[in-house]
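The values are calculated or read from the model by the stated rules, or taken from the named source; none is laboratory data. Predicted model, so just to flag it, every value in this text is computed and none were measured. So basically every Cβ, Gly included, is an ideal-geometry build from the backbone, and we count neighbours across all protein chains shown.
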């Protein structure tokens, strides 16, 4: 079985994560938004059956995107995220609990999660279930505006080893949200005039995805996936993902990926309303749009002669190029439908011990 397929099986099977330390730098640049910063994570067994982890993530954000410059002022801020994870292995069952806290000048989030993974049929089938609750607060920097959001996330998944070289997965996710779901800085347009956006106070989303991973030969694996999304705001979306992994000797791994995404807009979205309605949005992410993304990752593996008792390590360089085309969102600076390109760069170092 190709190493890529073995790794994918182990991610779903009832095994504790390996002890490791990771450090990463990321940079996103596109659409007038630049986001960059470091991230760190550590995993450690404290007993044979219990593993704990901690994460730290920083985003430095500089935004002058099209919706910002046409309805607000460019801004800079920093988002900091910290997280903790505890996993417990009991026979063929893996149970996990997570807590994540993120904060920025006008948004604060607390997320609590539980997950269970159960192997059945001799480990050929894995069933996963998860639940997470989010408790967020939306603020606005120039006023005393402050409103809550409550979020519940339910997940169910099935992974099946079909043959020694073929793995299939099916995943379902439902999310319910209640609270202030708009953006306090953004405006809608009515006959060309700016007015405050008005969103419903609730939203339920559902997503179903299927994917397959095939070992092509001893050093090559290919993957394909499809995801369908719908919600109570009448947004529907579909995306297709293709990928390939190739081992070059025992020290190099190359990953290539492609993703196509298409979406129709929400029922209360308009680029320019003909009159005022109860609900009005001009968020481009709720409009009709499509995107393409291509990515490449190259990893250099270290297996021997490592100091400090490390068992192995790798360095990964990842680059993604994305293109977004909005069919019903006008760039008010030019009068044309909005489109933009963006790039994402990630460099990370992982050691196992």
Across region 336-353, which residue is surrounded by the fewest Cβ atoms within 10 Å (Cβ to Cβ) among those that are more than 30 Å from residue 303 (Cα to Cα) and out of contact with any helix residue (DSSP H, G or I) (no Cβ under 7 Å at 6 or more places or on another chain)? 336
Among (1) assigned to a strand (DSSP E or B); (2) in contact (Cβ under 8 Å) with a residue 40 or more places away in the chain; (3) surrounded by 17 or more Cβ atoms within 10 Å (Cβ to Cβ), there is one condition residue 313 misses while meeting the rest; what is its number? (2)
Within the group 200, 184, 196, 164, which residue is farther than 25 Å from residue 226 by Cβ, over 18 Å from the mean Cα position of the chain (by Cα) and loosely packed, with under 13 Cβ neighbours inside 10 Å? 196
Of the conditions (1) surrounded by fewer than 17 Cβ atoms within 10 Å (Cβ to Cβ); (2) under 29 Å from residue 140 (Cα atoms); (3) under 21 Å from the mean Cα position of the chain (by Cα), residue 177 clears all except one; give me its number. (1)
Somewhere in region 137-147, is a residue under 30 Å from residue 328 (Cα atoms), buried (at least 18 other Cβ atoms within 10 Å of the Cβ), within 22 Å of the chain's Cα centre (by Cα) and at pLDDT 95 or above? yes
Single condition residue 303 does not satisfy, out of (1) under 26 Å from residue 187 (Cβ atoms); (2) exposed (fewer than 15 other Cβ atoms within 10 Å of the Cβ): (1)
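Please determine whether any residue of region 277-287 is more than 17 Å from residue 197 (Cβ to Cβ) and in a loop (DSSP other than H, G, I, E, B).
Applying the first criterion (more than 17 Å from residue 197 (Cβ to Cβ)) to region 277-287 yields none.
No, region 277-287 contains no residue that is more than 17 Å from residue 197 (Cβ to Cβ) and in a loop (DSSP other than H, G, I, E, B).
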Name, by its number, the condition in (1) surrounded by fewer than 17 Cβ atoms within 10 Å (Cβ to Cβ); (2) at pLDDT 95 or above that does not hold for residue 81. (1)
Quick one: residue 186 ticks every box in (1) modelled with pLDDT of 95 or more; (2) in contact with a helix residue (DSSP H, G or I) (Cβ under 6 Å, 6 or more places away or on another chain) except a single one, so which number is it? (1)
Can you name every one of the strands (runs of 3 or more DSSP E) wholly within region 111-196 that holds 2 or more residues which are closer than 30 Å to residue 77 by Cβ and free of Cβ contacts under 8 Å to residues at least 12 places away in the same chain? 193-196
State whether one or more residues within region 12-35 are in a helix (DSSP H, G or I) and at pLDDT below 95. yes
Any chance you could count how many residues in region 223-243 are surrounded by fewer than 17 Cβ atoms within 10 Å (Cβ to Cβ), more than 30 Å from residue 201 (Cα to Cα) and touching a residue at least 24 places away in the same chain (Cβ under 8 Å)? 0
For residue 39, only one of the following conditions fails: (1) closer than 30 Å to residue 281 by Cα; (2) modelled with pLDDT of 95 or more. What is its number? (1)
Restricted to region 294-336 and to residues being in contact with a strand residue (DSSP E or B) (Cβ under 6 Å, 6 or more places away or on another chain) and closer than 27 Å to residue 267 by Cβ, the residue modelled with the lowest pLDDT is 331
